[in-house]
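The next block holds one structure in the form of structure tokens; read it before the comments.
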Amino acid sequence: MTSDTGAHHIVGYAKLAQVWLALLALTALTVLITRLELGGYKVLGALTIACLKSGLVIAFFMHMKYEGRLLRWLLFVALVTLAIFIGLTFFDVLYR
Amino acid sequence: MTTVQPTQPSFWNDTGKTGLAAWIFSTDHKRIGLLYFYSTFGFFLVGVLLGLLLRIELMAPGRTIMGPQTYNALFTVHGVVMIFLFIIPGFQGSFGNLVMPIQIGARDVAFPRLNLFSWWLYIIGAVIIITSLFTGGGPPDTGWTFYVPFSSRTGTNVSLAVFGVFVVGFSSILTGLNFITTIHRLRAEGMTWGRLPLFVWSLYATAWVQVLATPILAITLVLVMAERLLGTGLFDPGRGGDPVMYQHLFWIYSHPAVYIMILPAMGVISDVIPVFSRKPIFGYKMIAFSSIAIAAFGSLVWGHHMFTSGMSDTAILVFSFLTFIVAIPSAIKVFNWVSTLYKGSISLDAPMLFALSFILLFSIGGLSGLILGAAATDVHVHDTHFVVGHFHYVIFGGAGFAFFAAMHYWLPKFYGRRYAEKPAIVAWALMFVGFNVMYFTMQVLGMKGMPRRYYDYLPEFATLNLVATIGSWILVAGLIVMLVNLFRGLFRGEPFVGNPWGGATLEWTTATPPPTENFEEEPVVTHGPYDFRGTGIP
């Protein structure tokens, strides 16, 4: 995929490995918090970690960090919409 | 559709292509608009017939013409057909396609083939939905909302029906995508955002809702299918699932969907009222802004459908508050339309009569919506005929009447012939009276406690139910007069040439009917959409 500027960015192996390790660490954290007694916040925690992980994948593996502003904005709008939808349901899930 | 005979070259004949294939494989936005118009409006008539049968069943207590199972199936199919096959795709598909590209001075939409594909997806989805009525366990009986746990357990053909709705949803997403791109990229020279007709603004706001909210319905319906076919237990509390979560997911789309239905209708009204008042629209910027505000805030209020579903009190408070916020941009529109009328030179032609009744009926619907949006009062009228009355005031009295306004205002432009004015006014009067007799009575019935979706009721509701049923007959009588007059006019009526309404938007500057590429030469826009000084009509 080419960006708005036409440049094709190649991510180095070192960086890819770092992202991979970060993803593994976050996965471990997801498992860890299921063992804690957090009630409804457990879901919030799991979702936060999932967001971080998908953020890393989108930024590096899907090259969004190196894309033009338009594409990043479009993705941002979609993600914020989704976050608002999920966030509002927490007024129900957390206080039921 | 092929019997129209305008003599001058137009999109009907200037490509030399005739026959069915020239229509169902055409990428011309006007032909696709007419395809959408006839298919969605055809489904509207089917929905009307089903609604009429429902009202006949409710004419007297006990069994009148059908049993409970048939009644359950009929109100489900009435809802599915009217919502998913008529009013959601109706405005965008027919009048959006017919008028929007011309209004912005474009030759076509940004992706003409995708546009045709959207219509095909719509037709395929519709065929699947119709198939679901006659196969498997018979027509779905869940109501158009497909609520679990009933929808995951009923033996009727829910899986196929929701799959049909799923396919229709993709048609809606693609149309939204197409319109956003078209409005951003294909505006003619001089067509700034501040000169866009308000109908285009409303389509733009709607398109964003279509693109952002429809995928959530799609995934929700897939989950219902998974629940039925694979027994995933996502909504089954016995297996750790949550049935209220289904309602969240369903209404996250289906409440914004109400704005997919009503926003383009508001756009039509914003275009019709200034033309027939001979006055620029009052508060152009605020009407445009309120379309965006309604689309944005309207997407955050879905919880108000669930006040009695066991949702948390905190959520009820939040969603009730957000619901009241949506009343603000809606009221901005109503006040601006009324201010436009003030001291205008008003001519009461059929489109204007439909537009004026839109303001009244939508206001009644909107205000009764506030009774439902306030949690304390909602508890009393939830799931009664009050809700049915409210919804029909907004969507039929609002969006439906705006659709009729658009039919009288724009279809003559594309046929080059017009309807007769007097019968149109008679039809409007019959529909207006019949509508109010029917739905106002339903609201009173709801206040008295008559539940919705029951085929039988207590004897004390008998008189008002009879009144409502008689109202439905008056309404349908008006509808028949309107249809006969309008379509006889379009095919055999007086010629409609030039700019008889005196509109100042771009569609009135090109030939009637428009040529395939819409304009002889690319237009350059030098004034706003409601600047009537150059239209030659005082």
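Modelled label-to-label distance, B:Tyr38 and B:Thr314, 7 Å Cα→beta-carbon offset: nm?
In this crude label model, B:Tyr38 to B:Thr314 measures out at 5.6 nm.
Normalised by the residues of chain A, what does the relative contact order come to in percent, with Cα pairs under 8 Å and at least six apart?
Dividing the mean separation by the residue count of chain A yields 35 percent.
Calculate the FRET efficiency for B:Ala477 and B:Arg278 from the Cβ-Cβ distance with a Förster distance of 51 Å, rounded to the nearest 0.05.
Efficiency for this residue pair is about 0.95.
Any idea what the dipole of chain B comes to, in debye rounded to 20, about its Cα centre with Lys/Arg Cβ at +1 and Asp/Glu Cβ at -1?
Here the size comes out at about 540 debye.
Where in the stretch B:152-171 is the amide nitrogen less than 15 Å from a point lying 7 Å along the Cα-to-Cβ axis of B:Ile124?
Under cut-off, by backbone N: B:163-171.
Per 10 Å bin, what percent of the C-alpha pairs of the stretch B:21-534 does each bin hold, from zero upward?
For the stretch B:21-534, the binned pair fractions read 4, 19, 31, 28, 14, 4, 0 percent.
For A:Asp92, B:Asp456, what ranking results if the residue with the fewest other Cβ atoms within 10 Å of its Cβ goes first? Display every interim value, and only then the final one.
Working: A:Asp92 25, B:Asp456 13.
The most exposed by this proxy come first: B:Asp456, A:Asp92.
Could you give the nm distance between label points at A:Ile84 and B:Ala374, where each point is 7 Å from its Cα heading toward the beta carbon?
Roughly 2.7 nm, to one decimal.
Under 17 Å between alpha carbons: how many lysine pairs meet that in the stretch B:21-534, if sequence neighbours fewer than 8 apart on the same chain are excluded?
On the way: B:Lys30/B:Lys413; B:Lys279/B:Lys333; B:Lys279/B:Lys343; B:Lys285/B:Lys333.
Close lysine pairs under the 17 Å cut-off: 4.
Give, rounded to the nearest 20 debye, the magnitude of the charge dipole that the protein assembly as shown has about its Cα centre when Lys and Arg contribute +1 at Cβ and Asp and Glu contribute -1 at Cβ.
For this selection, approximately 320 debye.
Give the average, rounded to an integer, of partner chain Cβ atoms located within 10 angstrom of each Cβ in B:307-315. Display every interim value, and only then the final one.
Numbers: counts 0, 0, 1, 2, 6, 7, 4, 6, 9.
That works out to 4 on average.
Starting from the amide H of B:Arg417, placed 1.01 Å from N in the peptide plane, find each other amide H under 5 Å away whose residue is 5 or more places distant or on another chain.
Hits under the 5 Å cutoff: B:Phe496.
Give the cross-link partners of A:Lys15 among the lysines, using a straight C-alpha distance below 28 Å as the criterion and excluding same-chain residues fewer than 8 apart.
A:Lys53, A:Lys65
Points 7 angstrom from Cα along the Cβ direction at B:Asp383 and A:Leu29: gap in nanometres?
The modelled label-to-label distance comes out at 4.3 nm.
Taking neighbour counts of Cβ atoms within 10 Å as a proxy for exposure, in what order, fewest first, do B:Ser290, B:Ser299, B:Ser309 appear?
If I rank by nearby Cβ atoms, fewest first, I get B:Ser309, B:Ser299, B:Ser290.
Given Cβ point charges of +1 (Lys, Arg) and -1 (Asp, Glu) and nothing else, what value in debye, to the nearest 20, does the dipole of the stretch B:1-124 about its Cα centre take?
Here the size comes out at about 40 debye.
Can you give the FRET efficiency for A:Arg96 and A:Val57, using 1/(1 + (r/R0)^6), R0 = 45 Å, r = Cβ-Cβ distance, to the nearest 0.05?
Efficiency for this residue pair is about 0.90.
I'd like the distance separating the alpha-carbon centroids of the stretch B:54-124 and the stretch B:475-538, in whole Å.
25 Å
Rounded to the nearest 500, what is chain A's calculated 222 nm mean residue ellipticity when only DSSP H runs of at least 4 contribute -39500 (n - 2.57) each, over all residues?
-22500 deg cm²/dmol
Relative contact order of the stretch B:21-534, please, whole-number percent, based on alpha carbon pairs below 8 angstrom and at least 6 residues apart.
On the way: 900 pairs, mean separation 86.4, N = 514.
The value is 17 percent.
Every number in this text was worked out from the coordinates using simple rules, so none of it is lab data. These figures come from a predicted structure and were not determined experimentally. No Cβ is skipped: glycine too gets one built from the backbone with ideal geometry, and neighbour counts run over all protein chains shown.
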